[in-house]
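Reading through the structure tokens given below for one structure.
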């Protein structure tokens, strides 16, 4: 279902809710914490000039898309951990239920967003 | 005074410069470039395959410079290596005493001369800052311990001149929360955007927690400015800026005055801790610039 609507790339650890319902894996650099410094003046992608930057779109939607809960809108500024490549191809629904999509490597520090600014 | 001490104490404006790319050859070439640039600046950035072109590796040049007595900022990009190789580079360089790391996402492979290469981006810039901070605290991403770990000074970059502005301001905050102690900014020719960005990161506390250094590029003529505008991702050079140099009878001098104005503005903005120089002129202009603004070890 996610494929036709969100162009899902089957990373197996869906973060759509925190990225304005815009799949970061459709960024040519697959950045989870974009946008990169190469965004063009018109807001388009460094790599695919005719495409709007995925992260420009994500930020716009996180701010303006109707019906998104406030916490989802705020989460766009949170640091998302590195992709777990072992989950690629899995059902993200299953990994959401069994919690695998929220597991991070034990050396991952990240940011405690409760404490952070 | 060391770069680390300047970043932490900010007792005077800092000046850093990008070390020229090295394309093989011998260590003599590193020494020659270092003799020209080294005495003028507080630290040099060793690049990591800039603009997606292969050069002598960041780690190899950083070690060579370290042996010459340089204060080295080792850039690490996410484009060419996965998380295992990147961590190996950082702890390996630290073994040689290179303990300052600047984390970048990196230009795409399509910016370079081998656009058919596979792009990696296993980590992104903010994640790399967090991973380097973990290594600084003695832990690989896997959780395994680093033997006798060295404390690292971790930094990053941000581009105030690429949209969307409010996101850039928040992303700077994210990078600092992830452990960045300095941010070197992308070059830009729209001063009002730098002003807006700086005001935003003063307001969200970034400038209190990290040393912010806008970049200037030393060029010789309007062709260089047009080239950047046309070819370099994330850089816009407005036509009136290109014209200012193009219409001058002395283009090298007009180019210098343009940079001088940029530095003057940058250093006047609240929260700016210093400047970073990229030198495409390879003449005595870096010396002139640091002298005009009393920057660097020779003037302090």
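Collect the residues in region B:77-114 that are more than 10 Å from every other protein chain (Cβ to nearest Cβ) and assigned to a loop (DSSP other than H, G, I, E, B), keeping them in residue-number order. If the condition is that a residue be more than 10 Å from every other protein chain (Cβ to nearest Cβ) and assigned to a loop (DSSP other than H, G, I, E, B), then B:80, B:81, B:96, B:97, B:98, B:99, B:112, B:113, B:114 are the ones that fit.
Does residue A:49 meet the test of being surrounded by fewer than 17 Cβ atoms within 10 Å (Cβ to Cβ) and within 11 Å of chain B (Cβ to nearest Cβ)? Taking the combined requirement at face value, the residue satisfies it. For region A:82-97, does any single residue satisfy the condition of being touching a helix residue (DSSP H, G or I) at 6+ places or on another chain (Cβ under 6 Å) and in a loop (DSSP other than H, G, I, E, B)? Scanning region A:82-97, I find at least one residue that is touching a helix residue (DSSP H, G or I) at 6+ places or on another chain (Cβ under 6 Å) and in a loop (DSSP other than H, G, I, E, B), so the answer is yes.
Among the candidates B:65, B:104, B:123, B:37, the residue that is over 30 Å from residue B:298 (Cα atoms), at pLDDT 95 or above and touching a strand residue (DSSP E or B) at 6+ places or on another chain (Cβ under 9 Å) is uniquely B:123. Would you confirm whether or not region A:53-67 contains a residue that is part of a loop (DSSP other than H, G, I, E, B), in contact (Cβ under 8 Å) with a residue 12 or more places away in the chain, surrounded by 19 or more Cβ atoms within 10 Å (Cβ to Cβ) and at the interface with chain B (Cβ under 7 Å from one of its Cβ atoms)? Checked against the condition, which is being part of a loop (DSSP other than H, G, I, E, B), in contact (Cβ under 8 Å) with a residue 12 or more places away in the chain, surrounded by 19 or more Cβ atoms within 10 Å (Cβ to Cβ) and at the interface with chain B (Cβ under 7 Å from one of its Cβ atoms), region A:53-67 yields no hits at all. When each of B:148, B:122 is tested for being at the interface with chain A (Cβ under 9 Å from one of its Cβ atoms) and either over 17 Å from residue B:212 (Cβ atoms) or without any contact (Cβ under 8 Å) to a residue 24 or more places away in the chain (or both), the lone residue that passes is B:122.
Each row is one residue, and each column tells you yes or no for (1) buried (at least 19 other Cβ atoms within 10 Å of the Cβ); (2) touching a residue at least 12 places away in the same chain (Cβ under 8 Å).
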| residue | (1), (2) |
| --- | --- |
| A:14 | yes, yes |
| A:29 | yes, yes |
| A:37 | yes, no |
| A:43 | no, yes |
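Restricting attention to region B:262-300, which residues are on the phi > 0 side of the Ramachandran plot and either over 20 Å from the mean Cα position of the chain (by Cα) or at pLDDT below 95 (or both)? Within region B:262-300, B:282, B:294 meet the criteria. Condition check: touching a residue at least 40 places away in the same chain (Cβ under 8 Å) and more than 9 Å from every other protein chain (Cβ to nearest Cβ). Does residue A:101 satisfy that? So residue A:101 fits the description; yes.
Checked against the criterion of being within 11 Å of chain A (Cβ to nearest Cβ) and closer than 20 Å to residue A:77 by Cα, the candidates B:200, B:155, B:179 yield just one match: B:179. Before we move on, is residue A:50 part of a loop (DSSP other than H, G, I, E, B) and in contact with a strand residue (DSSP E or B) (Cβ under 8 Å, 6 or more places away or on another chain)? Yes. Scanning region A:85-95 for residues that are more than 9 Å from chain B (Cβ to nearest Cβ) and either more than 26 Å from residue B:177 (Cβ to Cβ) or free of Cβ contacts under 8 Å to residues at least 24 places away in the same chain (or both) gives A:86, A:88, A:89, A:90, A:91, A:92, A:93, A:94, A:95.
The values are calculated or read from the model by the stated rules, or taken from the named source; none is laboratory data. Please read all numbers here as calculations on a predicted model, not as lab measurements. Note: ideal-geometry Cβ built from the backbone for every residue, glycine included; neighbour counts use all protein chains shown.
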